[in-house]
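Working notes, beginning with the structure itself.
The values are calculated or read from the model by the stated rules, or taken from the named source; none is laboratory data. Note that the structure is predicted; figures quoted are calculated from it, not measured. Please note: Cβ atoms are built from the backbone with ideal geometry, for glycine as well, and neighbour counts cover all protein chains shown.
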Amino acid sequence: MTGFIIVAALLVVAVLAILLPPLLPTLRRTPRSSGAADRSEANLAIFRDQIKELEREHHDGLLTDADFEQSRSELQRRLLDEVEPPTAELTDVPGGRRTALTLLLIIPLAAAAGYALLGNPRALDPLQRQASLAPEQIEAMVAGLVEKLRKNPDDAKGWVMLARSYKVIKRFPDAADAYSHAGTLVDQDATLLADYADVLSRARGGNLQGKPNELVERALRIDPDEPQALLLAGAASSDRQQFAAAADYWARLLAQLEPGSEEAGALEAAITKARELATQTSGDKPGRKPVASAVAVSGEVTLSGKLAGQAKPDDVLFVFARADEGPRMPLAATKARVGDLPLRFRFDDSMALAGGRKISDFASVTIEARVAKAGKPQSSTGDLFGRLSGIKPGSQNLRLLIDQVQP
């Protein structure tokens, strides 16, 4: 768009440069009158005669060399006084200045109006140009970018561009994979981390738990006011039924939106709803102290290098907590993929499964991580797993290693 405007402006300037000079004030030589011309001719004739007379007297010896030179110089000076050179004077072409100013205003305005009426101003908008591309054209552009990255896999900016292109055409798994190749360029940018979390959650059907939530947390550590990260953090908290936290994240985002806008109205409604739900939970009721954080169990899951060859990035990973003594039904659980490892996890009473017991109901729990080859929570032969037993509610920074194979 900028290049087009510059070229158009240069063309207008070129046209004005051609049209205006003849119309502006110019230097003209004022023609002399016929009488003045006749007088000049007479003076020249007399000068020639007098010169000839001086030369003859000098030749006859009547004038010395000094007298001859003096007399001739005197004649030349008198001739210069008599014959005036033509004078150059500034004249103005009648109406030229007015016409020049009129053209200076009309030509650019006429050019702009003509393009607005006959051209396609929307074509100057990059978003409009992108929207006008056919799906086949976008796919071809993406394929070209993929080929460039195949030749230069260290081009982090290229991977980010590819991820965003995949997001536009809703190929979210491919977008997440492209972001995973961008390295430190993504790791150090809150906006890119938030976008990575967004496409990764979309690739999982909207699930923000696991690595997407970890990416959001990293984004907010870099920039606590990153808009998309705040939106996703609130959604992830709401999914975990941590409605007070969700309302807090969204309120921070609301402060950045234009008051009265459609987006602000929708977010205000979500905040109101989250706060209503928060007051209905036991931890948020007036006069009662929240206990979810006090009994939270958190840590990180990793895969043993010995078993790495037996797992694929897309294999389903379940992490859950169950009571050491009591029902075998999980107290809390999250679902991810092997490609998300190492995976941060956090379980508390707010994540209790429907109809189940809470972590705070037991003195100790077992945390288990399982790579489910069949894609189901129930164990089956060939599953990879690891577990930690005797974990007291409130334990933090646990290290859970998947290092066993289900017989």
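Annotations for the structure displayed:
- Some residue of region 325-345 being aromatic (Phe, Trp, Tyr) and under 17 Å from Glu214 (Cα atoms): yes
- Residues that are at pLDDT below 90 and within 20 Å of Ala203 (Cβ to Cβ) within region 144-161 comprise Leu145, Val146, listed in sequence order.
- Region 340-358, residues that are assigned to a loop (DSSP other than H, G, I, E, B) and either modelled with pLDDT under 80 or surrounded by fewer than 24 Cβ atoms within 10 Å (Cβ to Cβ) (or both): Leu341, Pro342, Ala352, Leu353, Ala354, Gly355, Gly356, Arg357, Lys358
- Residue ID - surrounded by the fewest Cβ atoms within 10 Å (Cβ to Cβ), chosen from residues in region 194-235 that are among the aliphatic types (A, V, I, L, M) and modelled with pLDDT under 90: Ala203
- Some residue of region 299-317 being closer than 25 Å to Ser180 by Cα, surrounded by 17 or more Cβ atoms within 10 Å (Cβ to Cβ), within 42 Å of the chain's Cα centre (by Cα) and among the basic types (Lys, Arg): no
- Condition check for Ala369: in a strand (DSSP E or B) and either of a type in the set (S, T, N, Q) or within 39 Å of the chain's Cα centre (by Cα) (or both): no
- Filtered residues of region 147-160 (kept if under 14 Å from Gly183 (Cβ atoms) and either in contact with a strand residue (DSSP E or B) (Cβ under 8 Å, 6 or more places away or on another chain) or outside any loop (DSSP other than H, G, I, E, B) (or both)): Leu149, Ala156, Lys157, Gly158, Trp159, Val160
- Top-ranked residue in region 274-298 [being part of a helix (DSSP H, G or I) and loosely packed, with under 15 Cβ neighbours inside 10 Å; ranked as modelled with the highest pLDDT]: Glu276
- Residue identified as of a type in the set (Gly, Ala, Ser), surrounded by 14 or more Cβ atoms within 10 Å (Cβ to Cβ), in a strand (DSSP E or B) and outside the structural domain of Gln241 (by TED's automatic domain parsing) among Gly386, Gly394, Gly390: Gly386
- Looking across region 365-396, the residues that are within 27 Å of Ala278 (Cα to Cα) and either touching a Pro at 6+ places or on another chain (Cβ under 6 Å) or not basic (Lys, Arg) (or both) come down to Val365, Pro393, Gly394, Ser395, Gln396.
- Looking only at region 316-329, residues that are within 21 Å of Arg399 (Cβ to Cβ) and in a loop (DSSP other than H, G, I, E, B) come to 1 in all.
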